[in-house]
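Trainee: The structure that follows is given in the form of structure tokens.
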Amino acid sequence: MAPTYPFSEADGLTLDPTYERLRRDEPVSRVTYPYGGEGWLVTSYEETKFVLGDPRFSRARTVGQDVPRMQPLIAPGGSILTHDGADHSRMRRLVSKAFTVRRIQELRPRAQQITDELLDRLDNPGDLVEGFSMPFPITVICELLGVPFEDREDFRRWSNQALSTVGGYSPEEAMDGVTKLYAYFAELVAKRRAHPTDDLMSALVAARDNEDRLSEDELVRFGITLLVAGHETTANMLSNSVVTLLEHPDAMKSLREAPDKLPNAIEELLRFIPLGSGAGFPRIATEDVQVGNALVKEGDAVLVVLSSANRDEAMYANGAELDLEREVGQHLQFGHGIHFCLGSQLARMELQVALGTLLRRMPGLRLAAPVEFRKGSLVRGPLKLVVAW
């Protein structure tokens, strides 16, 4: 019987020491997942990058199948996250122009304005999660997509349900979150079809209606994916970065003294911080493939652990340590291959604006209460982050 995974419950931003042992001794190993039975777990940098970049590992083969996985829900079709090859490229092309470096830099002044307005209203002491880390990326992605900001409490609750793992919401509650997100976006699509506006959802509706490049189901699921990914990951990464810098006061001091080093520091924070609570989305081998020490058979499920790969000592000397002077290179926080995160440039810009402003405006930034982290979710992050300055 393969060992049960995850090896332990995610504890704040601490990685289970089992990952270090596996990277050294058995970087591709068999484990039993919470749902779907046994599969392969990849913990090293090179093997993770290989799996993510090789088309013989299919996301589409997981659709509707009870495959080994972290989440109770079985992957639905119609999502950019579960398309391979030409189908994935077709969907990605539709939104790639909205996420170019140039377009993201055009959004920077508005991101700075949102940041300043939120921090002006933040109590001292105050909860950085509810007062800043969460509403900041939600406002940005809502304006980009054309989603009403006033609906944020609803779609935050539904996305939390949809992202649940073992110890979180029940399978029925997780499905309820997905169902309500789907109904919400189906209604939004109908509104944008009747009354187009200057936003990304209206552009996607036009692509669906005028050129038939999306099915109706793909259109709705595209909106859900962009909204959930566009606020959950960035919001938690921002809070996690603040926690990490507070735990490394010398690093925070050096950034205040040399703010021009912030872009590279953010890359090191992205590498160092384990944003995911465990292995990511499963992929199915479409033929026998040798992956490091293991022969993965056709039909086998393979899941990679980005946070472990980013700590790999073979790639990063003293990888378990934060070093803001490090030449980071290509970390894997945003993935690799065709599913490399569409919003990576948006996330980088948001982190630069948010962290840079916090360091500048709050020279006395400190914790005002112990940090309590969320549990039972694919994404790690504080439930509350009460700070004073």
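Trainee: Let me check something: with ligands and nucleic acids excluded, how do His195, His339 order by accessible area (1.4 Å probe), largest to smallest?
Mentor: Sorted descending by solvent-accessible area, the residues read His195, His339.
Trainee: Then there's this: Below 8 Å, C-alpha to C-alpha, sequence gap of six or more: please give me the relative contact order for the range 340-389 in percent.
Mentor: Relative contact order, the range 340-389: 32 percent.
Trainee: Using θ = phi - 60° and the Karplus form 6.51 cos²θ - 1.76 cosθ + 1.60, what ³J(HN,Hα) does each residue of the range 319-331 get, whole Hz, x for Gly and Pro?
Mentor: x, 7, 10, 7, 9, 5, 8, 5, 7, 6, x, 9, 6
Trainee: Identify which of Ala309, Ala174, Ala294 has the largest mean-square fluctuation in a Gaussian network model of the chain, with springs joining Cα atoms closer than 10 Å.
Mentor: Residue with maximal mean-square fluctuation among Ala309, Ala174, Ala294: Ala294.
Trainee: Just need the relative contact order of the range 47-170 here, percent rounded to a whole number, with Cα pairs under 8 Å and 6+ apart.
Mentor: 20 percent
Trainee: Residues with amide H under 5 Å of Leu383's amide H, sequence separation 5 or more or different chain, H placed in the peptide plane at 1.01 Å from N; which?
Mentor: Sorted by chain and number, the residues that satisfy this are Glu372, Phe373, Arg374.
Trainee: Here is a further query. Find how much the distance from Ala314 to Arg108 grows on full extension, using 0.36 nm per residue of separation minus their present alpha carbon separation; answer in nm with one decimal.
Mentor: The Ala314-Arg108 span can extend by a further 70.6 nm.
Trainee: Follow-up. Normalised by the number of residues in the chain, what is the relative contact order in percent for Cα pairs under 8 Å and 6+ residues apart?
Mentor: Relative contact order comes out at 26 percent.
Trainee: Using a Förster radius of 35 Å, what is the FRET efficiency between Asp123 and Ser170 based on their Cβ-Cβ separation? Nearest 0.05, please.
Mentor: Between Asp123 and Ser170 the formula returns 0.50.
Trainee: Along Cα→Cβ, 7 Å out, is where each label goes; now give me the distance between the ones at Cys341 and Arg256 in nm to one decimal.
Mentor: Spacing of the two 7 Å Cα→Cβ label points: 2.7 nm.
Trainee: Before rounding to the nearest 500, sum -39500 (n - 2.57) across all DSSP H runs of length at least 4 in the chain and divide by the residue total; then give [θ] at 222 nm in deg cm²/dmol.
Mentor: -15000 deg cm²/dmol
Trainee: Separate question: Connecting C-alpha atoms closer than 10 Å in a GNM of the chain, tell me which of Asp120, Asp198, Asp323 has the biggest fluctuation.
Mentor: So, out of Asp120, Asp198, Asp323, the one fluctuating most is Asp120.
Trainee: Solvent-accessible area per residue for the range 30-177 at a 1.4 Å probe radius, Å²?
Mentor: With all protein chains present, the range 30-177 gives 43 Å² per residue.
Trainee: I've got another one for you. With each pseudo-label sitting 7 Å past Cα toward Cβ, what's the Thr100-Arg193 distance in nm, one decimal?
Mentor: 3.0 nm
Trainee: Could you rank Ile266, Ile224 by how accessible they are, 1.4 Å probe, largest area first?
Mentor: I get Ile224, Ile266, largest accessible area first.
Trainee: Let me cross-check Phe136: its accessible surface, 1.4 Å probe, with only protein heavy atoms counted, in Å² to the nearest 10?
Mentor: Approximately 0 Å² for this residue.
Trainee: Taking 0.36 nm per residue of separation and subtracting the Cα-Cα distance, what length does fully extending Asp154 through Arg361 add?
Mentor: Additional length available on full extension: 71.4 nm.
Trainee: Continuing with the same structure: Can you match log10 I(q)/I(0) by the Debye sum over Cα atoms at q = 0.08, 0.09, 0.11, 0.12 Å⁻¹ to one of these, [x] -0.45, -0.57, -0.83, -0.97; [y] -0.40, -0.52, -0.80, -0.96; [z] -0.55, -0.66, -0.84, -0.92, based on a calculation from the structure here?
Mentor: Entry [y].
Trainee: In addition: Take every Cα-Cα pair in the range 109-264 and report what % of them are more than 26 Å apart.
Mentor: 39 percent
Trainee: Sticking with this structure for a sec: Using a 1.4 angstrom probe on the protein heavy atoms only, line up Phe334, Phe281 by accessible area, largest first.
Mentor: Phe281, Phe334
Trainee: So the label point goes 7 Å from the Cα of Ser215 along Cα→C-beta, right? Which residues of the range 36-66 then have their backbone N under 13 Å from it?
Mentor: Counting only backbone N, you get 63-64.
Trainee: So, one more: Report, to the nearest whole %, how much of the accessible area of the range 288-389 belongs to carbon and sulfur atoms, 1.4 Å probe, protein only.
Mentor: Exposed carbon and sulfur together represent 51 percent of the surface.
Trainee: Accessible area of the range 1-152 with a 1.4 Å probe: how many percent of it is carbon plus sulfur?
Mentor: Carbon plus sulfur share of accessible area: 50 percent.
Trainee: Shifting gears a bit: Could you work out which residue, out of Pro274, Pro68, Pro135, moves most in a Gaussian network model of the chain, that is, has the largest mean-square fluctuation with Cα springs under 10 Å?
Mentor: Most flexible of the set in this elastic network: Pro135.
The values are calculated or read from the model by the stated rules, or taken from the named source; none is laboratory data. As the structure is a computational prediction, the values presented were derived from the model and not from experiment. Methodologically, a virtual Cβ is constructed for each residue, glycine included, from the backbone with ideal geometry; neighbour enumeration extends over all protein chains shown. For the accessible areas, the whole protein counts, side chains as well, though only heavy atoms, and no ligand, DNA or RNA atoms are used. Shrake-Rupley method; radii C 1.70, N 1.55, O 1.52, S 1.80 Å.
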